[in-house]
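The values are calculated or read from the model by the stated rules, or taken from the named source; none is laboratory data. Keep in mind that what you see is a predicted model, and the values were worked out from it rather than measured. Glycine also receives a Cβ, built like all others from the backbone with ideal geometry; neighbour counts cover every protein chain displayed.
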Amino acid sequence: MTDISPEEAELIRQYLAGSLSEKDLRMVETRIVEDPEFRNEVELTQALRQGLRELQKRGEIAPLLSPRRAFWSPPRVALAASLATVALGAASFLFFLRPDPAAPGVVTETLYFVQTRSAGFEPDVTWRQPRAPRTVELRFDVGLEPAPAYGVTVERVRGQDTDPVLSLDAVTTDDGEAIVALDGALLKPGDYELNLVPRQTDRDLPTVHYTLRVTRS
Amino acid sequence: MADRTEPTTEGAAPSDAASHAGSAALGTPADQARLRDGVVALLQSLLGDPSLAQDLCHETFRIVLERLARRPLEDPARLPAFLAQTARYLAIEHRKRAARRRTMTGQQDAIDAAPDPRDDHDLTLHEEASVRAVRRLLRELRWPRDREILVRVYLHEQDKETVCRQLGIDEEHYKRVLHRARARLAVLLQRRYRRSDLFCSALF
């Protein structure tokens, strides 16, 4: 489990499962011989598979897995907290229309932010705002070691400057993602910067930055 | 009489000069050691027996050295592929021979019932160390989804569609979520274990 790509990891998984084509099989076997890092990955994956099988035989796997909760359930508290914060934080900036996921006609849409951006010119996420009401769930992949919670600031980009728009709290879910929900109507068309400041942690974790572009439908 | 300076038959022993040339084609001693590690790892993944993998690795190198002494590879960069192909061939041959022995003696059950206790002990220690390490790492994974996706993919061998449906992940993000889980496991592995630990020897 070293620094290999997801594609290589998948190739190794298929190799160990015996489901590779002859051509790919030759390629993987050659890499095992010539590439120590790749070989190490194969050995680790093999050990993981064997360890899991043995734990399964001993009946130890099920207790390690907690039952998954239904959609909307894990972040319910987070959503409530976030929405409350939105109500307080955004009131001075914008008219706030409290979203209610259960209300008829309100649809939830997820925007997924992945921490892979560098100094690219394209926004991390582009969202075409629909005419119908939307609750927008922002999910952030904040890296290998997420903080328990984040303070999220949303700033609208205007030329070289940014104007603060929203200030929210995001809570890290059971899936290791920071999540926050808001009314889609709050995001007017334009470019935004989102900054996630780690909270409730004594570790020195960095602030994480993302960009969002909202366009009209 | 055959010309001894140009051996052409497959089993003929190469001359010292040719043997040296064959050995040189395998690169520096460090290169050779790296390739040997690779061949052992490949044989172990094919056969699941560390000591047998060592034996067949020696045989693989003997065959390849003799072949290179007779006729160097046109493309030296294909040496790892040639080693891998030879090792695979030997592993297949070994399996066939083992199957034939089982057929011929008719006493395989008795043979299996009396294995070398030292081998068994070493293997059990190795397996047990691996199981302990995997158990501990899984327990320490902080995010339940990481545990779950690793179990679904590497134990139950579920396909991407099933995993995505069960875990509520978009297929677009499947690779990333799995990669994160593996990366977190790797971070724990590096924190908890050193390569010298017997406890973790099976994982390195």
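Computed values, structure above
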read-out: Any hit, the stretch A:53-75, residues being more than 8 Å from every other protein chain (Cβ to nearest Cβ), touching a strand residue (DSSP E or B) at 6+ places or on another chain (Cβ under 9 Å), surrounded by fewer than 20 Cβ atoms within 10 Å (Cβ to Cβ) and modelled with pLDDT under 90; value: yes
read-out: Test: residue in the stretch B:67-84 that is of a type outside the set (A, V, I, L, M), over 30 Å from residue B:124 (Cα atoms), outside any helix (DSSP H, G or I) and within 14 Å of another protein chain (Cβ to nearest Cβ); value: yes
read-out: Residues of the stretch A:7-36 satisfying the condition of being under 24 Å from residue B:34 (Cα atoms), facing chain B (nearest Cβ under 7 Å) and within 29 Å of the chain's Cα centre (by Cα); value: A:9, A:13
read-out: Hits in the stretch A:6-33 (condition: among the small types (Gly, Ala, Ser) and part of a helix (DSSP H, G or I)); value: A:9, A:17
read-out: Residues of the stretch A:145-166 satisfying the condition of being without any contact (Cβ under 8 Å) to a residue 40 or more places away in the chain and surrounded by fewer than 16 Cβ atoms within 10 Å (Cβ to Cβ); value: A:158, A:159, A:160, A:161, A:163
read-out: Filtered residues of the stretch B:128-156 (kept if among the basic types (Lys, Arg), more than 7 Å from every other protein chain (Cβ to nearest Cβ) and under 11 Å from residue A:52 (Cα atoms)); value: B:132, B:152
read-out: First in the stretch B:179-190 and at the interface with chain A (Cβ under 7 Å from one of its Cβ atoms), second anywhere and polar (S, T, N, Q) and outside any helix (DSSP H, G or I), Cβ under 7 Å, 6 or more apart; value: B:186/A:2
read-out: Top-ranked residue in the stretch B:85-104 [being β-branched (Val, Ile, Thr) and either in contact with a Lys or Arg (Cβ under 7 Å, 6 or more places away or on another chain) or surrounded by fewer than 19 Cβ atoms within 10 Å (Cβ to Cβ) (or both); ranked as farthest from the other protein chains (Cβ to nearest Cβ)]; value: B:103
read-out: Any hit, the stretch B:150-162, residues being in contact with a Phe, Trp or Tyr (Cβ under 8 Å, 6 or more places away or on another chain), buried (at least 16 other Cβ atoms within 10 Å of the Cβ) and assigned to a helix (DSSP H, G or I); value: no
read-out: Identity of the residue in the stretch B:38-49, free of Cβ contacts under 8 Å to residues at least 40 places away in the same chain and touching a Leu at 6+ places or on another chain (Cβ under 9 Å), that ends up farthest from the other protein chains (Cβ to nearest Cβ); value: B:49
